Amino acid sequence: MTWLGVFFVPTAWAENDNTTRLSVTIDGRPLDGDVILDASAATRLVVGLENLGRSALEVDSVRLSGTVLGLTFFDYDTRVRTTVPARGAATWTVDLDLRDLARRASGSLPVRVEIRDTDLATVAAANGHADVRGSLFSTYGLFILGMFTLAGLLLAAALLAARRNAPAPAPWRRGLRLVPAGTAAGLFLVLVLSAAHLTTPSTPTDLAITLCTALITFGIGRALPARTPPGGVDAG
């Protein structure tokens with residue numbers, strides 16, 4: 001359902017090049033508030049767009065998506081096909097069908113609502129976060145398991161390299177061997193905290209956690225005693 005006119009609902013605003021203004025609520029909550037996406041419950045998305053430009057804007061669809069580490073785990077598109085006149089506004093109320101959300105993701109995830117034109121280019125967008133109540137046995141859960149496996153494989157490879165019968169490397173080289181495993185472990189921790197609904201992934205949080213785990217594993221690797229082959233000389 002679409003209304004043309006002025007949109008007065010108090011919500012968080014997002015602007016795009018000062019030509020559009022976007023407001024979003026999900027079940028009456030602003031996108032930057034306590035939004036809940038539940039696969040077992042009806043979800044109502046209300047989007048208001050104000051066209052501040054001097055030409056009409058052809059709107060094709062509204063998209064709600066959830067992306068972590070650059071990977072999109074769910075997206076829902078709704079065709080609205082509306083022409084928003086210059087200096088005009090439009091409001092769309094969309095009842096989202098989230099029944100397949102349970103197999104896509106679960107946890108505290110960043111979400112984004114986009115208004116797209118007829119070329120499917122984004123003309124306005126608003127970012128927030130949502131408590132996604134899906135299943136741990138989802139695509140997101142499998143991704144977390146895959147990251148755990150990657151961290152374990154990198155750690156095993158580094159430890160096996162340290163046990164080879166070769167001249168022992170310098171301490172800083174021994175530390176660097178564990179950095180890839182520490183980086184993967186940091187990303188795994190980011191995902192686990194998200195799945196546990198404790199933190200929402202974001203660039204500053206992801207970088208901080210990953211950098212900390214990389215530095216910790218570097219320190220551990222540097223402090224590990226060097227293995228000196230029989231008859232060899234420790235180069236550390």
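The values are calculated or read from the model by the stated rules, or taken from the named source; none is laboratory data. Source: prediction; values computed, not measured. So basically every Cβ, Gly included, is an ideal-geometry build from the backbone, and we count neighbours across all protein chains shown. When the accessible area is computed, the model is the full protein with side chains, heavy atoms only, and any ligands, DNA or RNA have been set aside. Shrake-Rupley method; radii C 1.70, N 1.55, O 1.52, S 1.80 Å.
Assorted remarks:
- Here the spin labels are modelled as points 7 Å beyond Cα on the Cα-Cβ line, and at R54 and S135 they lie 5.5 nm apart.
- T205 - accessible surface, heavy atoms, 1.4 Å probe, Å² rounded to 10: 50 Å²
- Based on Cα contacts under 8 Å between residues 6+ apart, the chain shows a relative contact order of 19 percent.
- For A105, nonlocal amide neighbours, meaning residues 5 or more places apart or on other chains whose placed amide H falls under 5 Å from its own, are S135, T139, Y140.
- Accessible area in the full protein assembly, largest first, 1.4 Å probe, for L153, L31: L153, L31
- Amide hydrogen neighbours beyond the local backbone of L37, cut-off 5 Å, H modeled: D131, V132, R133
- Share, in percent, of DSSP beta bridges within the chain that are antiparallel, nearest 5: 95 percent
- Placing unit charges on the Cβ atoms of the charged side chains and taking the dipole of the chain about its Cα centre, the candidate lying farthest along the positive direction among S65, A42, T217 is T217.
- Å² of accessible area per residue within the range 77-137, as computed with a 1.4 Å probe and no ligands counted: 49 Å²
- Compactness of the chain was expressed as the Cα radius of gyration divided by 2.2 N^0.38 Å, which yields 1.38.
- Length available on full extension from L207 to D100: 0.36 nm per residue minus the Cα-Cα distance, which gives 35.4 nm.
- Per-selection Rg to Rh, the range 161-222 - Cα, Kirkwood hydrodynamic radius: 1.14
- Carbon + sulfur, % of accessible area of the chain - ligands and nucleic acids excluded, 1.4 Å: 60 percent
- Loop-exposed trypsin sites (Lys or Arg not before Pro) per DSSP, neighbour cap 14 Cβ within 10 angstrom, longest uninterrupted part of the chain: 165-236
- Charged side chains reduced to their Cβ positions (Lys and Arg at +1, Asp and Glu at -1) give the chain a dipole of some 1140 debye around its Cα centre.
- For the range 135-213, chymotrypsin sites (Phe, Trp or Tyr not before Pro) are listed when DSSP marks them as loop and at most 12 other Cβ atoms sit within 10 Å of their Cβ; the list is F137.
- The range 97-161 shape via C-alpha gyration tensor axes, a/c threshold 1.5: prolate
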